[in-house]
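> Quick one: structure below, then a few questions.
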Amino acid sequence: MFKKFPLIGESLKKEHVDFLNVLSKSCRNAIVAMTANAQSGHPGGSCSVIDYLATLYAFIISQTGEPVVVSNGHVSPAVYSILAEMGYVPRDKVISGFRKSGSVYEGHVTRHVPGVWFGTGPLGIGVSAATGFALAEKMSGKNRRVFALVGDGESDEGQVYEMAHFANKYNLDNLTLFMDYNQVQLTDSLDEIMPIDPKAFFESVGWNVVEADGHDYATLWKAIGKSYKSKKPTLILGYTVMGHGVSFMEADGLDLKSTWHGVAPKKEVADQALAGELKISAKEKSELDAFRKKVKWNPAKPTNTAPLTLMKSVKIGKPNILPAGTKTDCRTAYGKALLDLAKLNNNVMALTADLMGSVKTDIVAKEFPERHIDVGIAEQHMVSCAGALSLAGLIPFASTFGAFMTSRAKDQARVNDVNRTNVKMVATHCGLSVGEDGPTHQAIDDMGSFLGFLNTHILEPADANQTDFIIRFIASHYGNFYVRMGRHKFNVILKEIGKPFYDERYKFEFGKADHIRTGNKVTVVAAGSMAPIAVAVADKLKGKIDLLVISSFSAIDRKALVASLKKTGKLVSIEDHNPYNGWAAQLNKSIAEEGLKVKIKNLAVREYQLSGTADELYDSAGIGMKDLEKACKTI
């Protein structure tokens, strides 16, 4: 057993290397045991990366508790085994519960397990999260080092390239990324599936690249030391062998065969290895027990804040109420509200993807450039990076066009949803409101894209004044939010007396509809930029339309809806979205579940439109003022 921990930059002594041999052997024992017991998992890559993890955890993480993000989340057996050796999780439960129902030891690394910073699985996402943690460290002034792992095959993913450019731009010299370069992907070798040159690429985008034998502890420790001295983000290119250290797997790994990438060993094969080359002696167990007494850092018990929990520490300030007659867009109201929040809270920040002028985060950039992050045209990286920033205690507002947020970055938002992060996704240019940009940019399916998420709430403000209230609400309530808004300008909504409906006395309540006009013939439910159109029609047909404006897409106000429909017996909904997974679908579902028998007409976008102004496209799609008036008269 070693007497003293090695210092960063100095060479390992024999006693350090001897201990790491024991530690890695015990981890490989657990890797083989748990995958054999589950008859599922990825033992090959777990064995190729475990020597690096053993070195990192034994001599650094056990003492500092610095963040580690494993982007190639399928090597969870390696992660769980090293966490067990640290004493963070019970080894026997890891082995017996791996990939079993009711166990937190899922097939891919998960935040349910103490010591896991970010749950991963879909490849490419974890490296972006790692940059989020690294950026948060630099912004806090603590500048602790962040360690991450990435697979070689994983680096086919474009998000890895987005991440690499971002880390260079923001000079994340506190980031050390280890690539498990075993040259084998899931179905075959890298050369057969997709040849890559990681050294050339990372050097070309400004990274420090250190090559190392991924199974030589002294070389690995030296490589880690070099990363500390670098003024750039560092890639440790670890040359490894899939299945290294386990003879029945290693031979195939040396031949670059993918045999053991995603296949568990049969019980009899595993038992033979566990009783032979991987057997842990009493002396080795004693060494491991003695080491655990040297571990200084212990992870906190995993906890999750429930979505919509009020964050009392967030100061929301006073709303910016625009007077009657003001014609403006919701996105400008968003930018101004975000600036107010940034002034009041130093943990509020903005991210965008080369669209600051369009999404109006430039309003924040002018006063707080250090808290305005432009990731370039890289929406996937932006959303994953924001997820980690939120888990580090920041409140990130990530903005781009709706078409890009919900299509390109859907997977990243879904993984954030699983991780229960606190990201505020605010999308502009949604629906036909984007107008002349044409159908590729007219997001008419975006709400449905996020509808199935369990920890993300969807909102759509009705005008600029309500936008202000909603932005302050999501800043002060925990959880992931998707707020959609259009591009065009329209008048703020007024009460019948001619004053702003969303005034100083208004309070936004999640899931509550706003009763804008009273009538007894037809219930009209409007959302977003359709609300002003509905108000105009209601005023023209005074006393006939019972107008509800709804903003909480993922929580319909059934009480208000039912009360209105019992009075009118007729529903006309209008939305700047398709009806199949938009407001119509949600409303009709609610009505069916309530057992109401009413007449229904859904006005929505049913065909892709071409270019034109917002009003022209609304008329073309059948969701203009004349269309709503006709529907109310003929239903």
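> Considering only region 425-476, state which residues are acidic (Asp, Glu) and either in the same structural domain as residue 550 (by TED's automatic domain parsing) or out of contact with any His (no Cβ under 8 Å at 6 or more places or on another chain) (or both). Give the steps one after another, and end with the answer.
Applying the first criterion (acidic (Asp, Glu)) to region 425-476 yields 436-437, 445-446, 460, 463, 468.
Correct list: 436, 460, 463, 468.
> Would you be able to tell me the number of residues in region 497-527 that are touching a Lys or Arg at 6+ places or on another chain (Cβ under 7 Å) and either in a loop (DSSP other than H, G, I, E, B) or polar (S, T, N, Q) (or both)? I'd like the intermediate steps shown before the answer.
Going residue by residue through region 497-527, those that are touching a Lys or Arg at 6+ places or on another chain (Cβ under 7 Å) are 501, 519-523.
With the extra rule that they be either in a loop (DSSP other than H, G, I, E, B) or polar (S, T, N, Q) (or both), the set shrinks to 501, 519-521, 523.
Residues meeting the conditions: 5.
> Something else: Taking residue 246 and the conditions (1) touching a strand residue (DSSP E or B) at 6+ places or on another chain (Cβ under 7 Å); (2) surrounded by 18 or more Cβ atoms within 10 Å (Cβ to Cβ), which numbered condition does it fall short on, given that it satisfies the others?
Unmet for residue 246, out of (1) touching a strand residue (DSSP E or B) at 6+ places or on another chain (Cβ under 7 Å); (2) surrounded by 18 or more Cβ atoms within 10 Å (Cβ to Cβ): (1).
> I've got another one for you. Can you spot a residue in region 493-501 that is basic (Lys, Arg) and farther than 30 Å from residue 569 by Cβ?
So the first thing to find is which residues in region 493-501 are basic (Lys, Arg), and the list is 495, 499.
Restricting the remaining residues to those that are farther than 30 Å from residue 569 by Cβ gives 499.
Checking region 493-501: at least one residue is basic (Lys, Arg) and farther than 30 Å from residue 569 by Cβ.
> Oh, and also: Going by the structure shown, is residue 159 within 30 Å of residue 29 (Cβ to Cβ), assigned by TED's automatic domain parsing to the domain that holds residue 85 and in contact (Cβ under 8 Å) with a residue 60 or more places away in the chain? Full working, then the answer.
Values: within 30 Å of residue 29 (Cβ to Cβ): no; assigned by TED's automatic domain parsing to the domain that holds residue 85: yes; in contact (Cβ under 8 Å) with a residue 60 or more places away in the chain: yes.
Answer is no for this residue.
> Of the residues in region 221-278, how many are assigned to a loop (DSSP other than H, G, I, E, B), among the basic types (Lys, Arg) and closer than 19 Å to residue 181 by Cβ?
Total meeting the criteria: 1.
> To continue, here is another question. Tell me which of these residue 154 doesn't satisfy, since it passes every other one: (1) part of a helix (DSSP H, G or I); (2) closer than 22 Å to residue 423 by Cα.
Answer for residue 154: the failing condition is (2).
> A further question follows. Which residue out of 349, 311 is within 25 Å of the chain's Cα centre (by Cα) and under 22 Å from residue 464 (Cα atoms)?
Details: 311 fails: under 22 Å from residue 464 (Cα atoms).
Result of the check over 349, 311: 349.
> It is to be established whether one or more residues within region 20-30 are closer than 27 Å to residue 175 by Cβ, more than 32 Å from the chain's Cα centre (by Cα), in contact (Cβ under 8 Å) with a residue 40 or more places away in the chain and surrounded by fewer than 24 Cβ atoms within 10 Å (Cβ to Cβ).
Yes, there is a match, as at least one residue in region 20-30 is closer than 27 Å to residue 175 by Cβ, more than 32 Å from the chain's Cα centre (by Cα), in contact (Cβ under 8 Å) with a residue 40 or more places away in the chain and surrounded by fewer than 24 Cβ atoms within 10 Å (Cβ to Cβ).
> To continue, here is another question. Among the residues of region 203-218, what is the count of those that are touching a helix residue (DSSP H, G or I) at 6+ places or on another chain (Cβ under 6 Å) and either among the hydrophobic types (A, V, I, L, M, F, W, C) or not assigned by TED's automatic domain parsing to the domain that holds residue 237 (or both)?
So the answer is 4.
> For residue 539, are the conditions met, namely being in contact (Cβ under 8 Å) with a residue 12 or more places away in the chain and over 27 Å from residue 608 (Cβ atoms)?
Details: in contact (Cβ under 8 Å) with a residue 12 or more places away in the chain: yes; over 27 Å from residue 608 (Cβ atoms): yes.
In short, yes.
> Next question. Find the strands (runs of 3 or more DSSP E) located wholly in region 329-411 whose residues include 2 or more that are hydrophobic (A, V, I, L, M, F, W, C) and in contact with a Pro (Cβ under 7 Å, 6 or more places away or on another chain), and list them. Give the steps one after another, and end with the answer.
Values: elements: 348-352, 372-374, 395-401.
Answer list for region 329-411: 348-352.
> Could you please find all residues in region 360-388 being of a type in the set (Val, Ile, Thr) and touching an Asp or Glu at 6+ places or on another chain (Cβ under 6 Å)? Explain how you work it out, then say what you get.
Pass one, region 360-388, residues of a type in the set (Val, Ile, Thr): 361, 363-364, 373, 375, 377, 383.
Within region 360-388, just 377 meets the criteria.
The values are calculated or read from the model by the stated rules, or taken from the named source; none is laboratory data. Since this is a predicted model, take the numbers as computed values, not measurements. Here the Cβ is made from the backbone with ideal geometry for all residues, glycine too, and neighbour counts use every protein chain on show.
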